[in-house]
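> This is the structure I want to talk about, given as structure tokens.
The values are calculated or read from the model by the stated rules, or taken from the named source; none is laboratory data. Treat the numbers as computed from the prediction; the structure is a model and nothing was measured. Positions of Cβ are backbone-derived with ideal geometry, glycine not excepted, and every protein chain shown enters the neighbour counts.
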Amino acid sequence: MKEYLREYDVELETIGPLFIGSGYELNKKEYLFGNDEIKIMDIPRLFSFFEKKGLRNRFESFFLDDVRKDLFRFLRENSIRIDDVSDCIKYRIRQSDTSLERGKPAAVMEFVKDPYGLPYIPGSSIKGMLRTILLASEIALHDNQYVTNKEKIRDSLYRGGNRNTLLRKEAKDIEATAFHKLGRNKEKKDDSVNDVLSGLVISDSQPLNLDDLVLCQRVEYHVDGEEKHLNLLRECIKPGTKIHFKMTIDSLLCPYGKEDIINAIRFFNKNYNEMFRNVFPKFTPGKPDSVYLGGGTGFVSKTVIYPLFGKQNGIDVTVNVFGATKVPRNHKHNLDRQIGVSPHILKMTYYYGKMFHMGECRWRFC
């Protein structure tokens, strides 16, 4: 390997359940609940099974048109036992501590899988997380460089706008200030060719096993201790799973080394604990080497508002973000200033009766 390329083996160990979505939502006709597990069905095999039973047309009508029934009810109405369709089960996942509201459909979000059907963590997801961590560290180290950026954010929130595009340009400008230092395109600083992180390459993880998946429910934990259990289930990597991938740093392009990354992770955790996590009474502070990866980890773990503005100003800005993006008033973010934290909800779930922060992992260079 060329001397300027530094390669590292990295391990992430899940502390809380980890969700990386495939973008696909399994509907109630594609799975069966029972015996503390969910059975994900192979739909082409199901079609073949019902064709052999002379029920193909009835199954097609159910699958394509009937929005009232789930698969279990369809099987029962056609005198089909679950054991009869056992060969049509693609895989099974343990159902972890779910408490669903009766009468409402449960959405099941699928975990991303490789071409062989095995779960894995895309390198792009890990790099996106690390990018936020390094950006927070840069802001803390060079706070005076971001005065104009903060003013532009406040001005933009005052004007308001589309929730899908609000602060997008301001976020790009902050990243350009922090990372766009290569000078490849001097006329356009925000061009990605100027990004020093183009010299940081993270591979996809090694594939995991289907046995590493557990079904977890989305739970919103309020600062007053109230919990709201939503009818949203996710295929997640269970706690205690070790995930391995490679990181390559081109030192001619990227100024960050192993120690820089470790220090940035420590800073991000310290800031996250002080500004947000410590306010929630049932949660102890995250470990110094904790990172927050994937979906459902929450607003604060995905943004740099608190590193940029500090706690009190950060609360004001976050409340204004919710207001400018027209988050419904019944979410009560207008009370966040009085409560002393914003948002006032921590995204968590349960596993074997224990409460976990979604997506929390420990980062370790091997």
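> Pick out, from segment 5-119, the strands (runs of 3 or more DSSP E) lying fully within it that include 1 or more residues that are among the aromatic types (Phe, Trp, Tyr).
In segment 5-119, 5-14, 21-26, 31-34, 89-96, 107-111 are the strands (runs of 3 or more DSSP E) which contain 1 or more residues that are among the aromatic types (Phe, Trp, Tyr).
> Can you find a residue in segment 292-310 that is more than 28 Å from residue 260 (Cα to Cα) and either modelled with pLDDT of 90 or more or acidic (Asp, Glu) (or both)?
The answer is no; no qualifying residue exists.
> Given the criterion surrounded by fewer than 20 Cβ atoms within 10 Å (Cβ to Cβ) and in contact with a strand residue (DSSP E or B) (Cβ under 6 Å, 6 or more places away or on another chain), identify the matching residue among 337, 362.
Details: 337 fails: in contact with a strand residue (DSSP E or B) (Cβ under 6 Å, 6 or more places away or on another chain).
Exactly one residue qualifies, and that residue is 362.
> Based on this model, can you work out whether residue 326 counts as closer than 30 Å to residue 259 by Cβ and surrounded by fewer than 18 Cβ atoms within 10 Å (Cβ to Cβ)?
Against the criterion (closer than 30 Å to residue 259 by Cβ and surrounded by fewer than 18 Cβ atoms within 10 Å (Cβ to Cβ)), residue 326 does not qualify.
> So, in segment 53-102, exactly how many residues are modelled with pLDDT under 90, within 17 Å of residue 37 (Cα to Cα) and either exposed (fewer than 12 other Cβ atoms within 10 Å of the Cβ) or hydroxyl-bearing (Ser, Thr, Tyr) (or both)?
3
> Quick one: would you say residue 253 is surrounded by 15 or more Cβ atoms within 10 Å (Cβ to Cβ), touching a strand residue (DSSP E or B) at 6+ places or on another chain (Cβ under 7 Å) and not charged (D, E, K, R)?
Judged against the criteria, residue 253 is not a match.
> Also, I was wondering about something else. So which of 341, 291, 321 ends up being in contact with a Phe, Trp or Tyr (Cβ under 8 Å, 6 or more places away or on another chain) and not in a loop (DSSP other than H, G, I, E, B)?
Details: 341 fails: not in a loop (DSSP other than H, G, I, E, B); 321 fails: in contact with a Phe, Trp or Tyr (Cβ under 8 Å, 6 or more places away or on another chain).
It is 291.
> Based on what the data block shows, is residue 2 basic (Lys, Arg) and in a strand (DSSP E or B)?
Working: basic (Lys, Arg): yes; in a strand (DSSP E or B): no.
It is false that residue 2 is basic (Lys, Arg) and in a strand (DSSP E or B).
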